[in-house]
Amino acid sequence: MDLADGLLDHPYDVYRRLRDTASVHRIAGTDGKPAWLVTRYDDVREALANPLLSLDKKHALPGNYRGLALPPALDANLLNMDPPDHTRIRRLVGRAFTPRRVEQLRAPIRETADRLLDALGTHGRTDLMASYATPLPITVICDLLGVPHEHRRDFRAWTNPLVTPDPARLDITKQAVMAMLGFFTGLLADKRKEPDDDLLSDLIAVQEEGDRLTEDELMSLAFLILFAGYENTVQLIGNAVSALLRHPEQLAALREDPSQLPAAVEEFARHEGPALLAIRRFPVEDVTIGEVVVPAGETVLLSLSAANRDPSRFPDPDRLDIGRDTSGHLALGHGIHYCLGAPLARMETEIALAALLERLPDLAPEEAAPRWRPSLRSRGLLTLPVTY
């Protein structure tokens, strides 16, 4: 089957039909090339931690994979690496990206949320993606990386072409990639001249037993932190608000007891997380997934969204329930590639929702329907019209 069939409009219906039929399916992937799609929870979870499934594109069969081509300065990131390189870089990053640094952002995140809500006033209508869900993570990620205020912008002009590349307009994708490369080249040069108390300055300085990040590794990490940390959090906040507006009884329960917010964030991630698919993988040797033997070098796509709605793991999985036990959900990955920025994404989403619930008690959906991004890789909103 073609992965695009029905997925753009009804992803969970398609994944349910596939999951009910079999766990592993031969499909045409997001790049149009043949791939194996894994849909059932147990098989997806096991595959996420399987060392025989490589993220390194060198293990792909020639001509069997046609992914987005990034320049080497952006490609040397954790999403394309296996141990020992992955282990080394993750260890170095971990020395700079500490829980203490994340926790230091809590108060500034709330201040930013309040400032954005102040600008909305006490009543009116707005596109919440444009006025709140997008600018909040931009500010947070720029504060984290140490991007000067005069260089801050809506990075979606760069990240959108990467999330939803148009085969007919690859020039736009290439322009976005080159713009990001130029941006980070200048930013790193500035940080070397004048380091500050920010993550990028720490990544430049961090070392362990003489080991340091190379220039390409630094550039790729900055790119990954911006791309994944910003883009995924925008979508998680937007998806969470949209889900609450579609389920007023859950919204009412959360207003009545805001202490449920941390658990609710986990349910939002499970129910409609930003990533439909994990990063593609390539078997380094023939590997059995479910009841299928996948040949070495072929492309494997792990459906996080299908796994997170597998009734064998989560009863009545299509129902949003902020009180359910979400332990073990795969929205943020599993194994050695578990999302490095998960604590920040959780905290940011929790604060964003808390501020919204406190400040806009009459938040309601606008008559105009929200627009979803046309992507096979991610699940996120382009617009979310609301009244308040």
Task: Candidate set from the range 185-204 (those that are without any contact (Cβ under 8 Å) to a residue 60 or more places away in the chain and among the hydrophobic types (A, V, I, L, M, F, W, C)); member that is farthest from PRO262 (Cα to Cα) - done: ALA189
Task: Scope the range 209-233; condition assigned to a helix (DSSP H, G or I) and free of Cβ contacts under 8 Å to residues at least 60 places away in the same chain; matching residues - done: LEU218
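Pick from ARG125, ARG152, ARG115: which is surrounded by fewer than 22 Cβ atoms within 10 Å (Cβ to Cβ) and touching a strand residue (DSSP E or B) at 6+ places or on another chain (Cβ under 8 Å)? Break it down into steps so the answer makes sense when it comes.
Numbers: ARG152 fails: touching a strand residue (DSSP E or B) at 6+ places or on another chain (Cβ under 8 Å); ARG115 fails: touching a strand residue (DSSP E or B) at 6+ places or on another chain (Cβ under 8 Å).
Just one listed residue meets the conditions, ARG125.
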TODO: Would you please name the residue that is surrounded by the most Cβ atoms within 10 Å (Cβ to Cβ), looking only at residues in the range 225-244 that are under 13 Å from CYS339 (Cβ atoms), of a type outside the set (S, T, N, Q) and touching a Ser or Thr at 6+ places or on another chain (Cβ under 9 Å)?
DONE: LEU236
- [ ] Any residue in the range 332-343 that's touching a residue at least 60 places away in the same chain (Cβ under 8 Å) and of a type in the set (Val, Ile, Thr): show its pairings with residues that are in a helix (DSSP H, G or I) and surrounded by 15 or more Cβ atoms within 10 Å (Cβ to Cβ) at Cβ separation under 9 Å, as long as the two are six or more apart or on different chains.
- [x] ILE336/HIS86; ILE336/ARG90
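Go through PRO51, PRO108 for me and flag whichever is within 28 Å of GLU217 (Cβ to Cβ) and in a loop (DSSP other than H, G, I, E, B).
Values: PRO108 fails: in a loop (DSSP other than H, G, I, E, B).
Of PRO51, PRO108, the one residue that is within 28 Å of GLU217 (Cβ to Cβ) and in a loop (DSSP other than H, G, I, E, B) is PRO51.
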TODO: Say whether the condition of being under 21 Å from SER375 (Cβ atoms) and either touching a His at 6+ places or on another chain (Cβ under 8 Å) or crowded, with 24+ Cβ neighbours inside 10 Å (or both) is met by at least one residue in the range 252-269.
DONE: yes
Open item on the list: LEU79 - would you say it is at pLDDT below 85, touching a helix residue (DSSP H, G or I) at 6+ places or on another chain (Cβ under 9 Å), within 27 Å of VAL140 (Cβ to Cβ) and not β-branched (Val, Ile, Thr)?
Closed with: no
Open item on the list: It is to be established whether one or more residues within the range 26-35 are aliphatic (A, V, I, L, M), closer than 21 Å to ALA296 by Cα, out of contact with any Gly (no Cβ under 7 Å at 6 or more places or on another chain) and at pLDDT 95 or above.
Closed with: no
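One line per residue, one yes/no per condition, for (1) among the basic types (Lys, Arg); (2) out of contact with any Ser or Thr (no Cβ under 6 Å at 6 or more places or on another chain); (3) farther than 17 Å from ARG377 by Cβ; (4) crowded, with 21+ Cβ neighbours inside 10 Å:
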site: ARG40; (1), (2), (3), (4): yes, no, yes, yes
site: ASN50; (1), (2), (3), (4): no, yes, yes, no
site: LEU55; (1), (2), (3), (4): no, yes, no, no
site: HIS59; (1), (2), (3), (4): no, yes, yes, no
site: PRO62; (1), (2), (3), (4): no, yes, yes, no
site: ARG66; (1), (2), (3), (4): yes, yes, no, no
site: PRO72; (1), (2), (3), (4): no, yes, yes, no
site: ALA76; (1), (2), (3), (4): no, no, yes, yes
Task: Matching residues, the range 357-388, being under 25 Å from the mean Cα position of the chain (by Cα) and part of a loop (DSSP other than H, G, I, E, B) - done: ALA369, PRO370, ARG373, PRO374, SER375, LEU376, ARG377, ARG379, GLY380, LEU384
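Could you say which residue among PRO274, PRO361, PRO374, PRO283 is exposed (fewer than 15 other Cβ atoms within 10 Å of the Cβ), within 24 Å of LEU18 (Cβ to Cβ) and not polar (S, T, N, Q)?
Details: PRO274 fails: exposed (fewer than 15 other Cβ atoms within 10 Å of the Cβ); PRO361 fails: within 24 Å of LEU18 (Cβ to Cβ); PRO283 fails: exposed (fewer than 15 other Cβ atoms within 10 Å of the Cβ).
Testing whether each residue is exposed (fewer than 15 other Cβ atoms within 10 Å of the Cβ), within 24 Å of LEU18 (Cβ to Cβ) and not polar (S, T, N, Q) leaves just PRO374.
Yes or no, residue by residue, for (1) among the acidic types (Asp, Glu); (2) buried (at least 16 other Cβ atoms within 10 Å of the Cβ); (3) more than 15 Å from GLY273 (Cβ to Cβ):
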position	(1), (2), (3)
ALA306	no, yes, no
PRO315	no, no, yes
ARG324	no, yes, no
MET347	no, yes, yes
ALA352	no, yes, yes
TODO: Tell me, yes or no, whether the range 188-205 has at least one residue that is modelled with pLDDT under 90, over 19 Å from the mean Cα position of the chain (by Cα) and surrounded by 13 or more Cβ atoms within 10 Å (Cβ to Cβ).
DONE: no
- [ ] Could you please find all residues in the range 303-323 being without any contact (Cβ under 8 Å) to a residue 60 or more places away in the chain, within 18 Å of ALA243 (Cα to Cα) and touching a Pro at 6+ places or on another chain (Cβ under 8 Å)?
- [x] PRO317
TODO: Please work out which one of (1) within 20 Å of the chain's Cα centre (by Cα); (2) part of a helix (DSSP H, G or I) is the condition ASP82 fails and give its number.
DONE: (2)
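The values are calculated or read from the model by the stated rules, or taken from the named source; none is laboratory data. Given the structure is predicted, the values throughout are model-derived calculations rather than measurements. A quick note on method: Cβ atoms are made from the backbone with ideal geometry, for glycine too, and the neighbour counts reach across all protein chains shown.
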